[in-house]
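The values are calculated or read from the model by the stated rules, or taken from the named source; none is laboratory data. Just so we're clear, the structure is a prediction, and the values are computed from it rather than from any experiment. Glycine gets a Cβ as well: all are built from the backbone with ideal geometry, and neighbour counts include every protein chain shown.
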Amino acid sequence: MSTIETRQSSPGRLGPWFALVWLFFLGDPLLAAWDRRDELAGVLGLVVTVAFAALYMLTWVRVRRERWLTRGSSEGVGRSALALFAGLVVLAGLDIALLGEVGLTCVVYVAISSVVLFPGRIALGVVLVCVVGSLGLGAVEDWGSQAGVAFGTLAGSVAIFGLRALLARNADLLVAQQENAELAVENERSRFARDLHDILGHSLTVITVKAELARRLLESGDADDRDRARAEVADLERLGRDALADVRRAVEGYREITLPGEISRAREALRAAGVEADLPGTVDEVPGDLRDLFAWTVREGVTNVVRHADARACVVTVDATSVEVRDDGQGLRSASAGDGHGLAGLRERAAEAGAAVVLRDLEPGLSLRVVSGGER
């Protein structure tokens with residue numbers, strides 16, 4: 001059983017004990033039957049009353065086990081509920097036939113059982129039938145006013161209606177809490193997947209480009225190229241350590257990304273890929289609430305240029321309200337060549353910051369621009 005199911009059933013644990021206490025009122029028909037124990041009707045009345053009490057208790061046990069009190073009013077009537085209710089009606093009828101007026105006490109329990117077993121409209125109909133039936137039977141048999149039985153029937157039924165509504169509302173709240181918790185977990189998984197893609201996607205792209213450059217330099221056989229290859233390999237080692245540190249920070253729930261740091265990494269990645277870079281020297285005018293978003297934009301844009309654009313030049317411009325990564329490569333085809341997670345994550349971050357992502361095909365080239373809400 002799940003946690004939510006356990007918590008839903010907890011309120012129902014008191015149900016059988018609650019029902020047991022109120023069986024006290026069946027003492028009247030039991031005493032009446034005991035006074036007539038020398039008659040067949042009295043003996044049968046004792047048996048029927050005890051059987052009625054046992055079946056009523058069984059009804060509450062099933063109510064707790066099946067959580068019928070927390071079901072919505074639109075649910076149908078099950079066979080077991082019908083069987084229990086039919087048994088109570090038959091035993092109550094026998095008790096009235098055997099013991100007379102005092103047997104009407106069972107009517108109250110029949111009405112309450114209908115409330116816990118059936119949807120609201122059906123239960124309401126049964127309660128009204130019990131009230132009218134007890135009043136009518138009292139008049140026909142000349143038993144006097146049965147207002148007490150009618151009042152007890154209405155009062156008990158209203159109390160159980162209220163209990164049922166409370167338990168159903170609590171069950172709905174517990175389900176909503178579970179759904180909210182599952183949604184929060186799913187959102188966190190999506191955020192982590194997005195961040196991990198952005199972090200590793202950029203780092204692994206730079207590592208791949210540098211590894212290819214180092215291989216070409218080593219294959220050339222030139223002494224100067226071998227020195228450059230050693231430098232590239234040293235960069236590979238450093239980038240690998242940085243990527244590992246980024247992943248660890250992401251796993252720990254935080255990440256340190258800065259706009260100046262991303263521009264510096266972009267310069268290095270573009271140089272390694274043989275792309276001419278035109279990057280801003282300062283980002284002081286960018287407000288603090290946009291710096292993380294602009295840093296992710298530079299990372300995603302430059303990663304796309306290095307991976308897919310086949311560009312010769314890349315220009316990054318930054319001002320107080322926008323950042324743009326522009327290249328002279330394959331245009332929108334380069335954007336669609338990726339797996340789409342990077343741009344999707346960037347759009348989510350931009351939306352959270354009240355900004356927008358704008359892609360434009362420059363023919364040749366592509367412009368990736370993120371602009372804050374005050375400017376479009």
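The table below lists the values:
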{"item": "Tally of residues being crowded, with 16+ Cβ neighbours inside 10 Å and either over 15 Å from C106 (Cβ atoms) or of a type in the set (S, T, Y) (or both) across segment 144-153", "result": "1"}
{"item": "Residue ID - surrounded by the most Cβ atoms within 10 Å (Cβ to Cβ), chosen from residues in segment 161-193 that are within 30 Å of V108 (Cβ to Cβ), of a type outside the set (A, V, I, L, M) and over 17 Å from the mean Cα position of the chain (by Cα)", "result": "R164"}
{"item": "Given (1) touching a strand residue (DSSP E or B) at 6+ places or on another chain (Cβ under 6 Å); (2) closer than 17 Å to L346 by Cα; (3) of a type in the set (G, A, S), number of the condition A313 does not satisfy", "result": "(2)"}
{"item": "Of residues in segment 87-143 being part of a helix (DSSP H, G or I) and among the acidic types (D, E), the one surrounded by the most Cβ atoms within 10 Å (Cβ to Cβ)", "result": "D95"}
{"item": "Residue match in segment 203-211 (condition: part of a helix (DSSP H, G or I), at pLDDT 75 or above, crowded, with 16+ Cβ neighbours inside 10 Å and charged (D, E, K, R))", "result": "yes"}
{"item": "Single residue of segment 333-376 satisfying the filter (modelled with pLDDT under 85 and among the polar types (S, T, N, Q)) that is surrounded by the fewest Cβ atoms within 10 Å (Cβ to Cβ)", "result": "S336"}
{"item": "Residue in segment 323-332 that is hydrophobic (A, V, I, L, M, F, W, C), at pLDDT 90 or above and surrounded by 14 or more Cβ atoms within 10 Å (Cβ to Cβ) present", "result": "yes"}
{"item": "Helices (runs of 4 or more DSSP H) lying entirely in segment 262-365 (those with 3 or more residues that are without any contact (Cβ under 8 Å) to a residue 12 or more places away in the chain and in contact with a Phe, Trp or Tyr (Cβ under 9 Å, 6 or more places away or on another chain))", "result": "none"}
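Results for (1) assigned to a helix (DSSP H, G or I); (2) surrounded by 18 or more Cβ atoms within 10 Å (Cβ to Cβ); (3) assigned by TED's automatic domain parsing to the domain that holds I160; (4) modelled with pLDDT under 75, shown as yes or no for each residue.
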{"position": "R7", "(1), (2), (3), (4)": "yes, no, yes, yes"}
{"position": "L26", "(1), (2), (3), (4)": "yes, yes, yes, no"}
{"position": "A33", "(1), (2), (3), (4)": "yes, yes, yes, no"}
{"position": "G42", "(1), (2), (3), (4)": "yes, no, yes, no"}
{"position": "T59", "(1), (2), (3), (4)": "yes, yes, yes, no"}
{"position": "V77", "(1), (2), (3), (4)": "no, no, yes, yes"}
